[in-house]
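**Student:** Got a structure here, written out as structure tokens. Questions coming.
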Amino acid sequence: MTVSDENVVPFASEAAAAGAKFIETPVAYDAVLLAGFGGPEGQDDVIPFLRNVTRGRGIPDERLEDVSHHYRHFGGISPINAQNRALKAALEHELAARSIELPVYWGNRNWAPYLEDAVTDAERAGDTTLLAFATSAYSSFSSCRQYREDFARVLTQTGLDDRVTIDKIRPFYDHPGFVQAFIDGVHAAVAQFVSDGVRADGIHVLFSTHSVPMDDAERSGPRDIDWGDGGAYAAQHQAVAAWVMDKVRQLVPEAVSTTWELVYQSRSGPASQPWLEPDVCDVIGELPARGIEAVVVVPVGFMSDHMEVLWDLDTEAAEAAQEAGLQFVRTPTPGISPAFVSGIVDLIQERLEGRAASDRAHVTALGPAFDICRPGCCENIRAGFKPAAGGIAP
């Protein structure tokens, strides 16, 4: 369906087209579409990749070269494509183990394999009712709506909008399969520091996520909910971090005196544009004055160890901790951990079964997130509303 009348979802399956918040009727999907960001796989790929990421902004290659050093440092190779290959294989294995006969097609926004190719391949194979899993857990323009716009763009540009539909799995920020890796990582780090003689109140946990422009943050999530400062994006991260710390304190009683906060990283906008703060490295530099001896950095906003984790945390944040004289641990991302892979297939089964919202797994009071995004959800104020799948227009 490609219409965009009020309360109708464009590019959607029949069950999703009417725009209910939750799709509680079974849908016979033909395949899963794994939608990724993409990344270069060699030095020659770096500038073309960055051109794709920044398309439409008029940024010259000289400036792109200035910001390419993260990729150049790692031989021009982002780990994200290899991670998505591994995730695709893990999902296929878990689906087969549950006797769910759905192929998995993988396509990226910014580098090969592209979403256009994945959707075209699916249609040629006769798989026309697709359920997309976007590799980002939270509500914001870049982590949710931009993927929905990608789906609409691809269907329109390939001319498949009259034959292929794409629904999107709900934001999964507080699904237990996603959150478990963070609980395990913080538990292990805090327990080890305590065992090594660090005072529990001398340990500080920093939950780190990608910063976004304040305008985007304030417009993230359904617009009819008062999320507070930072919109749904900040509220969701805060809720997950609080849940993780509550579980860790149950596992390590001494951690009741361990402090924590939400921080941001990887800012890329001009200094004149307000972005979510504080920055992870700035906070690390302030910790000794608070009496902190050890810092645990948790990449709570990230699904896997891609470039922002390897460079901004494992390199820059680790160096900031060393300069501050702090012990430092960066905890794991979910990656292809069994709990996470199983959780993704649980999310797929929700939609195959039309599971009632009351029966859907979530760990915070904010969830479960809606299947169908509401009008105006996650607006990009700089670019305006573009056609998007998986939600009611605009």
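**Student:** Could you check the spin-label model distance between ARG85 and GLU101? Points 7 Å from the Cα along Cα→Cβ, value in nm.
**Tutor:** Between ARG85 and GLU101, the label points sit 2.9 nm apart.
**Student:** Could the peptides 161-167, 14-20 be put in order, highest first, of the mean number of other beta-carbon atoms found within 10 Å of their residues?
**Tutor:** In descending order of packing, they fall as 161-167, 14-20.
**Student:** Could I ask something else about it? Select from the range 1-107 those trypsin sites (Lys or Arg not before Pro) which occupy a DSSP coil region and have at most 10 other Cβ atoms within 10 Å, ordered by residue number.
**Tutor:** ARG55, ARG57
**Student:** Indicate the gyration tensor shape class of the range 237-394 (rounded, prolate or oblate), computed on the Cα atoms with a ≥ b ≥ c the square roots of the eigenvalues: a/c under 1.5 is rounded; otherwise a/b larger than b/c is prolate and the rest oblate.
**Tutor:** Verdict is oblate for the range 237-394.
**Student:** Rounded to the nearest 5, what % of DSSP beta bridges with both residues in the chain are antiparallel?
**Tutor:** 5 percent
**Student:** So for the range 67-213, averaging the separation of alpha carbon pairs under 8 Å that are six or more residues apart and normalising by length, what relative contact order in percent results?
**Tutor:** RCO, the range 67-213: 15 percent.
**Student:** OK, next. Given a 10 angstrom Cα cut-off, can you work out which residue in VAL212, VAL104, VAL256 is the most mobile in a GNM of the chain?
**Tutor:** Looking only at VAL212, VAL104, VAL256, the biggest GNM fluctuation is shown by VAL256.
**Student:** Let me have the 222 nm mean residue ellipticity of the chain computed from DSSP H runs of 4+ only, each contributing -39500 (n - 2.57), with the sum over all residues rounded to the nearest 500.
**Tutor:** -10500 deg cm²/dmol
**Student:** Hey, another quick one. With both bridge residues required to lie in the range 176-330, what share of the DSSP beta bridges run antiparallel, to the nearest 5%?
**Tutor:** Given both bridge residues lie in the range 176-330, the antiparallel proportion sits at roughly 5 percent.
**Student:** Using a ≥ b ≥ c from the Cα gyration tensor of the range 181-241 (square roots of the eigenvalues), is it rounded, prolate or oblate, where a/c under 1.5 gives rounded and otherwise the larger of a/b and b/c decides, a/b for prolate?
**Tutor:** Judged from the Cα gyration tensor, the range 181-241 comes out prolate (a/c at least 1.5, a/b above b/c).
**Student:** In percent, what relative contact order does the chain have, based on Cα pairs under 8 Å that are 6 or more apart in sequence?
**Tutor:** Relative contact order here is 26 percent.
**Student:** Cα-based count: Lys pairs in the chain below 23 Å, eight or more positions apart or different chains? Don't jump to the answer; show the numbers that get you there.
**Tutor:** Numbers: LYS21/LYS168; LYS21/LYS386; LYS88/LYS168; LYS168/LYS386.
Close lysine pairs found across the chain: 4.
**Student:** Report, to one decimal in Å, the Kirkwood hydrodynamic radius for the range 304-345 based on all distinct Cα pairs.
**Tutor:** Kirkwood hydrodynamic radius for the range 304-345: 11.7 Å.
**Student:** A further question follows. Which log10 I(q)/I(0) values, to two decimals, does the chain give at q = 0.14 Å⁻¹ under the Debye formula with one point per Cα?
**Tutor:** -1.29
**Student:** Percent of Cα-Cα pairs per 5 Å bin, from 0 to the last occupied bin, for the range 176-330, please list those.
**Tutor:** Calculated over all Cα pairs of the range 176-330, the distribution is 2, 9, 19, 21, 21, 16, 8, 4, 1, 0 percent.
Where a number appears in this text, it was derived from the coordinates with a stated rule and is not lab data. Just so we're clear, the structure is a prediction, and the values are computed from it rather than from any experiment. Virtual Cβ from ideal backbone geometry, glycine too; neighbours counted across all protein chains shown.
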